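The next block holds one structure in the form of structure tokens; read it before the comments.
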Amino acid sequence: MSRLQNPGWPDYVDESVPVHPEMPGGYPVVVFGDHRLCAGHSTRVQKMPGPHMHSQIEFNLVSKGRMTYWFDGHQVTLGEGQMGVFWGMIPHQVTDCAENTEFIVLYVPMSAFLQFSDLDGLRQKIFSGGFLEGNGFKAHDFGSFALWRDDLISGDEMLEPLVRDELTARLRRMDRDGWRDLRGQWPLGAMAFHHDHDQERARKVEEMSRFIGENALELIDVADVARRVNLHPNYAMALFKRTMGLTIKQAVTRHRLDSARSMLIATDAPVSRIAFDCGFGSISSFYEAFEKRFRKSPAAFRKIAVTRQ
């Protein structure tokens with residue numbers, strides 16, 4: 001099981017974007033070891049000790065009460081009868097919930113989601129960082145989601161393809177009925193799969209994304225990522241960019257900066273040590289990348305974040 005320490009603080013410190021409501025007691029653990037179609041065993045909503053990430057697309061259907069997420073610097077609330085859909089690789093955390101709130105959680109593999117070629121708009125919005133709520137909620141959705149959850153936690157492998165097909169049909173209805181991004185409008189990516197071998201391409205993109213997440217703090221480059229999926233570096237770069245909306249190098253740098261951001265806030269380690277521990281080859285390259293993304297120097301970011309606690 002591979003882990004990456006990354007509490008997912010906001011992209012930059014700005015008065016218009018809420019900072020994380022409370023500093024985690026340590027590094028939240030991000031688990032990449034489970035990529036299955038599966039369901040949450042518990043239906044009880046509880047506050048989470050810190051933000052986390054995972055590779056699947058997450059579906060939350062609130063059956064009772066109300067819950068609030070910290071979602072990469074934004075506050076998102078779901079109430080009874082609301083269904084939220086988002087990519088688990090976006091840092092998220094349940095920060096508040098009404099007493100006895102209940103929900104049903106389903107996790108869909110990234111590879112399965114990528115092959116839905118007829119859902120480009122919805123799919124692009126999710127992978128570009130949206131937190132989507134489906135319109136047209138139906139009363140029978142509670143029964144359907146409960147059935148899918150029971151099927152997935154039963155361990156019966158014969159039921160998994162049935163759940164996959166039925167959930168796909170529900171996604172198509174969600175796309176037809178409409179949806180909205182609870183975070184506001186985000187720019188769409190450039191995802192498009194309409195040809196043969198779409199499923200294989202989707203699998204390779206998922207594997208590249210996981211490899212980056214698990215190894216970004218090491219000295220990896222485009223060639224390493226391409227080698228992992230047995231592709232020529234040029235083709236791997238083009239496929240990843242077309243699917244994810246950012247380059248392999250940008251994805252690696254983002255993971256490194258996320259880790260550096262957490263260390264600046266959760267530790268007293270010198271900036272130089274953080275830079276090298278997070279995979280940057282020089283202090284100057286770290287400062288340049290950090291200031292470009294967070295609009296503050298590392299020292300200024302640390303000072304502001306600690307002051308706001």
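Values quoted throughout were computed directly from the atomic coordinates according to the rules given, and no laboratory measurement underlies them. Everything numeric here is computed off the predicted structure, so don't read it as measured data. No Cβ is skipped: glycine too gets one built from the backbone with ideal geometry, and neighbour counts run over all protein chains shown.
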Seminar exercise, completed: One finds the C-alpha centres of segment 44-76 and segment 227-242 to be spaced, in Å, by 32 Å
Exercise. Residue by residue, what Karplus-based ³J(HN,Hα) values in Hz, rounded to whole numbers, does segment 153-169 have, using 6.51, -1.76 and 1.60 with θ = phi - 60° and x for Gly and Pro?
Worked result: 8, 6, x, 7, 5, 5, 7, 4, x, 5, 4, 4, 5, 5, 5, 4, 4
Seminar exercise, completed: For the R295, A238 Cβ pair and Förster radius 41 Å, calculated FRET efficiency rounded to 0.05 is 0.85
Problem set entry | Extension gain, N100 back to T247 (0.36 nm per residue minus Cα-Cα distance, nm) | 48.6 nm
Exercise. Efficiency by 1/(1 + (r/R0)^6): what FRET value for D268 and R66, r their Cβ-Cβ distance, R0 = 41 Å, to the nearest 0.05?
Worked result: 0.60
Exercise. Once fully extended, how much extra length lies between R44 and E200, figured as 0.36 nm per residue of separation less the alpha-carbon to alpha-carbon distance?
Worked result: 52.5 nm
Exercise. Given K47/K125; K64/K138; K47/K303, which pairs have Cα atoms separated by over 24 Å?
Worked result: K47/K125; K47/K303
